[in-house]
Structure formats: C-alpha cells, structure tokens
1. Can you give me the P(r) profile for region A:21-223? Cα pairs, bins 5 angstrom wide beginning at 0, each as a whole percent.
2. Measuring from label point to label point, each 7 Å out along Cα→Cβ, what is the residue A:9 to residue B:281 span in nm?
3. What angle, in degrees between 0 and 90 and rounded to the nearest 10, separates the Cα long axis of helix B:162-176 from the longest principal axis of the Cα atoms of chain B?
4. Among the listed pairs A:58/A:189; A:32/B:171; A:189/B:114, which are separated by more than 28 Å between their Cα atoms?
5. Let's test the formula: R0 of 51 Å, r as the Cβ-Cβ distance of residue A:55 and residue B:258. What FRET efficiency results, to the nearest 0.05?
6. Take the Cα coordinates of the protein assembly as shown, assign each an equal point scatterer, and use the Debye formula without solvent to give log10 I(q)/I(0) at q = 0.12 Å⁻¹.
7. For n ≥ 4 DSSP H runs only, could you compute -39500 (n - 2.57) per run for chain B, divide by its residues and tell me the 222 nm figure to the nearest 500?
8. So which trypsin sites (Lys or Arg not before Pro) in region B:308-389 pass both tests, a DSSP loop state and at most 11 other Cβ atoms within 10 Å of the Cβ?
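Read-outs: derived from the displayed coordinates by stated rules, not from any lab. Bear in mind that the values here come from a model prediction, so they are computed numbers and not experimental data. Using ideal geometry, Cβ is built from the backbone for each residue, glycine included, and neighbour counts are taken over all protein chains shown.
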Amino acid sequence: MPVDMELEMFLRPKQYPMPPYPPKMITLANGKKMVVRQAKREDVPAILKSVHPCMFIKRDYYDIVSARLYGELLAFYYHRSKSQFVLMGQVDGFLVGVVNSRMENEKVGMSYHTLAIDRGLRIGSHLFAAKMEYHMEYLNQESVLIVAESPIGFRRWMVEYPLEATTIPHELGGGDSYQLTRDIYFKAKPRLVAGVRPVPQDLLDEAEAEIKFADDDTIRERIAGLKGR
Amino acid sequence: MRDVAIIGAGMIPFGRRDEDTLLEMLSYASLKALDDAGMGDKKVDAVYVGNMGAGILQHQSSIASSLVDRLSLLPAAADVVENGPASGGSALKNGFLAVASGYYDYVLVVGGEKMREVTGWRATDFVATMTHPEVEYPYGITLPGMAGMFTQLYMEKWGVTREHLLAVTLKNQEMGALNPYAHVEMTLSRDGIFDSPDAVVNNPYAASPLHLYDLCPVSDGAAAVILCPLDVAKKRGKACVQIVGFGQATDTHTLQEREDPTDLKAVTLASQQALEMAKLKPSDISVAELHDAFTILEIAESEHVGFFKKGEGGKAAAAGKTRLGGQIPINVSGGLKARGHPVGGTGVAQVVDIVFQLRHELPENRQVKDAKTGLTINFGGFGNNVTCFVLKRIEP
C-alpha cells in the first residue's frame, strides 16, 4: 500500500537507541543447538507464519498469548510501537520460539510475550531469560515490568526468579506488574540464563539463511498434542 | 488355589489428557483389555479399580461402581483399591486372589489416575498425603524430598554416582521415545543434561542430589487387564500369560524408623515371595518393570530384587546391562520416568507392558527376544508397601 512518509513520521514513535543483542547458542536437553538471535523487521512475515496457528490453540492460553503477540509483531513491522525488540530461537533453522519486549523508558523495560512453539525443552524459559538478559546487560535497564497470562508463565517467571510484586500497572491488561530488578536478575542468572557466544558460524549462517517453520498440524501437535510435553 | 492367567491387556496413551475425565480414561483402558481378551458378550464377575486420588483430585468417590455402570457390566462386583502408588498392584492382587480362590472366573482389573488437572505443586502435595501425618507431612516433606535424602544416603553407602543415575535417565527416555503409550516421547542427550554448560539450567536440582530429569512426570493415564483361570485361558488356543508369582510386604511408615534407610526391605521381601511362589531365581527373569519414580529407585530395586549385588546396580546400569539386549532389560517401556506415573495406574501398566513383552508383540526395537518371564515392582509410599508380580509366557 502507498506510504506517505511525511505523515508516517507522525505515526511512528521515536525510538530509544538500542545496541544489538548478540546472538548466542543454547544446548537444549535433547542435545540440539538453539540459536537465539534478534529478529529484524523483515523477519516478521516469516515469524507470523508460525505464530498464526498458535492463535487457535486454547491449551495453556496459547490463543491469547499468540493473538497478542501477532498484533505486537505487526506493530513492530509497521513501526507502530516504541522501542520494541523481538528475539527468536531456531533449531536447525526452524523457528521454535519467539519473545518480545520494549523499553518503556531508558530505565524501565516492559515485557510483552513469550511463545514456545516446541515444548518440553525449556525453550520458553530460555528465551524469556534471553529477553531479560537483553534488558539488563545490553540495554542496561534498572527493571523490567512483567505479567503472566498463563499458569506456566507464572511458575517460570514469578516463582522461579522469583520476581517482586508491585502495584505498577502493566501495559498488558492494566493489572499490577511483577518486577525484575538488576539484583534479582544477577542472582538468578547462574540458574536461569543459558547460552554461549559466539555462535559457531555454520549454525549462525543456517539460522540467518532462512526462518523455517513447521506446518500448522505439526505446530498444533507439538503444543497441544495428547502428550502435553 | 487355581492358576490364573491374563487373557486381555490394554492401556491408553499416558500424558496430559485434558479432554478426558478419570472415568472415561478407566473406561477406555478397560474396553481395550476387554476387546483384547475377546470377551464379547461374556460378563466379568468382578471389577477392581486401583486409584489413589479420585476423592482428593476429582472430589469423586465410588468410581468402581460408576465404571461398572458406564461399561454396562452390571451386576459385577466392584471395588476401589487405594494403596498409594501401589494401588494398581494391590488391585491386581485382589483380582488374582479372587480368581485363584475360585470365587470369580472373569475379573477386570484397571488402574488409573488423573493428576494433570491440578497444578504441579497441588499434585506434589496430593502425593505427599501418603507420608506420616504427624512426623512427616506437617513438616513439608514431599516424595521428591524423601527421594533426595534416600539418594544421598545410597550414594554414600553404596557408591552410586550421578553418572549411574544419568544412565537410567538416558536409557528410559530413549525407550519411552519408542513407546506410543509413553507420556514423554523425547530422547535426552548427555550433553544437554550433564556435560554442557547449559545443563545447569536445563537440568537443575529438584531435590539434591536428584536433578529434574531424575524424576518421573506427573501423568494422566489408565491401564487394564482381564484375568481368568489358566485352564480356561489355555482352551483359547493362543499364547497367554500366567501370574506365577505374587508377593507383597510393608515397611515402617517413616524412613527414619528404619534401621538402615537404604535397605528397601519390603522390595526384598515382596520379590522373594513372588519368586519363591514362581519357583524362579532373579536370573531366570527375562524382563522387568521396576518402579523408577526416581532414577535411584530403579538402581536400588534392581539390587533388592537380586538382579545385582548391593552396590552393583548403578555400575550395571552404566555398563548397559539393564538395556534392551543386556543381562536383564529393565523398564523397556520407558518406565515411570518416560511412560509416566499416573499413580493408581502404574502397577497395572507395568503388568500390561510385561504382558506385551511375553506375548512377543512389540516392535523389534522394544521387544526382549524370546521373553519368557517378567517381573514387576510397584512401590507404594517410600517403600512402605510394595507389590511384586512374576509373569510367565504360556505357549498355546
């Protein structure tokens, strides 16, 4: 569609400067290597192909998480959100998870969503930890505001870190946020933040060459299959 | 006493079965066993249901009567047998004795549990209700906590190492990945859960010295068998499985009251009784399903049953002696570790897996070649109530 760049300048929020997130490699429990890297705008259409089927899965609130993430990714794509970033996990080039977040201001981060497209390997936890790593170690923020939309999220973030309850409203739904502080993050880091750098060049090349995505049925089976891994 | 045969066996895939009620799961497993037995219009005389927690988790009682009605098996006698995680084994014992005594001819035994409709911590609390109500539970003990302490002692006394536990984890996950009924159809790698720097995050301590992947999952599932007199089974003209040995023993409720907490006396006694009744030695057993709710238990039970000397079980696991094709294949189903552990269903599921083995109907990658005898250990409480069955293939 035609874009009036003069008008666009009014629609696009100003962005805070954000140093890039350096990619890392995580060895999963099954021995597979997951490359975690920052998504670029042009990666969004490929990512959306994997998010879309998740919007119709009720189990574990995948529908609400995916639907909201889908909208947020579009906002990132169309420059309609302020200082949003997207990280993704790929195994053998296949997209296995996505997380996004944004800088509320220079000191405070606003965590959005975590979507694991394959389950049972702590992919969601690893990617959430990567998101927090970006906020704390590369954006040098003082805190991140977080809410959970699923019991699994509550267990993984609020309980495992553990996060601090606040009365600060969160952008997602307006409820009270939990907070990750630098102190909490660095205490939890040895337990919860995995990965090594640099990523071996062949793995990085494979990940960057193409974001592969499983077919809809495979994604649904992985997430909502009988096994519920 | 009459000889007793298992003429039908069935199981539903274990896992997280959000769409099914407990009664539905029990029904599906029962129907599979009834079909497998070719019961047709033949009615069963009695139904024994092994279940630990319907009253707590589903707020439902009298599930055996509900099941009989659901399956149109009226007016079969119906009982629920609750014996913690050994409920399945105890239900089978009741069915076995009922047929052996001559009182009933056809008996359905089904075990099942629906645990995934509550959060993990509520499920852990539910299982902990089997601990001592005065000196254990009020102080926050859980079964993983007990297993952690037991493992520490066992390591100190019998030289079990984390490498030994790891061998059990990797083997059982590998076998579970081949089992269509298993809850966790996923192999793990040594690199991912032990060697790599990321293993600390992937496989954290659950109850020191046990790590996450030393524990079985919390599962929904059900399994069932049909029993009848052996002479009736033989007339069917095809291979069947006889229950040739049974044993059961109890131990002190609390671990600290045991003279040696690493000594699982009830396992030793139950297996001795069962093997004696079967007139077999541990070395005569072709395949075993042991109660590996925690990896340490597979090792400890393999020693207490007599497959290996004390202190040798861990080394045997690490040397591959318990793998398919090894000296004594253990938990070829994936065990509780991978097949899953719906507590009241486990004891029956173990027997179903052995029946499949003894009928030689599993694919090559899971079939113990020429399996003739099998043994199960169903471990209730923390070893305070243990059942053991010895099964034998009967040629047509």
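1. Once binned at 5 Å, the Cα pair distances of region A:21-223 give 1, 8, 17, 21, 22, 17, 10, 3, 0, 0.
2. 9.3
3. So the inclination is approximately 30 degrees.
4. A:58/A:189; A:189/B:114
5. 0.40
6. -1.16
7. -10500 deg cm²/dmol
8. Filter output for region B:308-389: B:309, B:369.
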